[in-house]
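Working notes for the structure below.
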Amino acid sequence: MMQFGKKVNFRPLLISLFVGFIPGNVAYVFFQNGWVGLFVGLCFFSIIFFAHYYPELPELFSYWQFDGETLKYNNMASPKKRLVMMFFPSFAKMDTVKKSQIKLVKLMGDVKNQTELPSMVPFSNAYSIFYSRLSMMKNPVGIEITTTDDKKIYLNAARDYAYDKEKIVKEINSFMGDFSSLKSV
């Protein structure tokens, strides 16, 4: 079984709560008013949870797997499904596509000529924290699948490519080989 990406977990919720808790407590101590602290905490929580994690969820947590006959993936196209994944990640169900339902497989991105990022040594720690995310943005790698009912599904593999290029290229080649009888681009 081939697995790509990272499953959605409680990280977006926990980090948002933590980031909201700290300024909320500071506002409570400074103003001696619980409502002000709650308001400030909710504002910071909302900024991190809804303005950062909500739009970035498909890039950060794009998990999919293929066992030779069935493709399972996290479909984050629907806003409702995305919110359920963020609040209750263990209850989120993966969508399934059988191999017989796939009409076209297309590799998106260039796995041979990827942009190399500069070394992290002369930069700050903030840059090194976002190094893998920057690599994902500069080197988008994924697979676009068209089903027999003309539904397009984009499966992101940039995260895995940022961490282990040789392994992911082999796995993508193996995945594409499973669909060699189809029209591949």
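For region 1-23, enumerate the residues that are in a helix (DSSP H, G or I), within 24 Å of residue 88 (Cα to Cα) and not aliphatic (A, V, I, L, M). Residues satisfying the conditions are 11, 12, 16, 18, 20, 21.
Being without any contact (Cβ under 8 Å) to a residue 12 or more places away in the chain and part of a helix (DSSP H, G or I): is that true of residue 49 here? Give the steps one after another, and end with the answer.
Numbers: without any contact (Cβ under 8 Å) to a residue 12 or more places away in the chain: no; part of a helix (DSSP H, G or I): yes.
Considered against the rule, which asks whether it is without any contact (Cβ under 8 Å) to a residue 12 or more places away in the chain and part of a helix (DSSP H, G or I), residue 49 comes out as no.
In the set 62, 132, which member is modelled with pLDDT under 90, crowded, with 18+ Cβ neighbours inside 10 Å and outside any strand (DSSP E or B)? After applying the criteria, what remains is 62. Checking the stated criteria, residue 116 turns out not to satisfy the condition of being part of a helix (DSSP H, G or I) and modelled with pLDDT under 85. None of 61, 31 is under 17 Å from residue 157 (Cβ atoms) and either touching a Cys at 6+ places or on another chain (Cβ under 6 Å) or of a type in the set (A, V, I, L, M, F, W, C) (or both) except 61. When 90, 46 are checked against the criterion of being surrounded by fewer than 16 Cβ atoms within 10 Å (Cβ to Cβ), farther than 26 Å from residue 168 by Cβ, among the hydroxyl-bearing types (Ser, Thr, Tyr) and at pLDDT below 95, 90 stands alone in meeting it.
The values are calculated or read from the model by the stated rules, or taken from the named source; none is laboratory data. Values in this document were obtained by computation on a predicted structure and should not be read as measured data. No Cβ is skipped: glycine too gets one built from the backbone with ideal geometry, and neighbour counts run over all protein chains shown.
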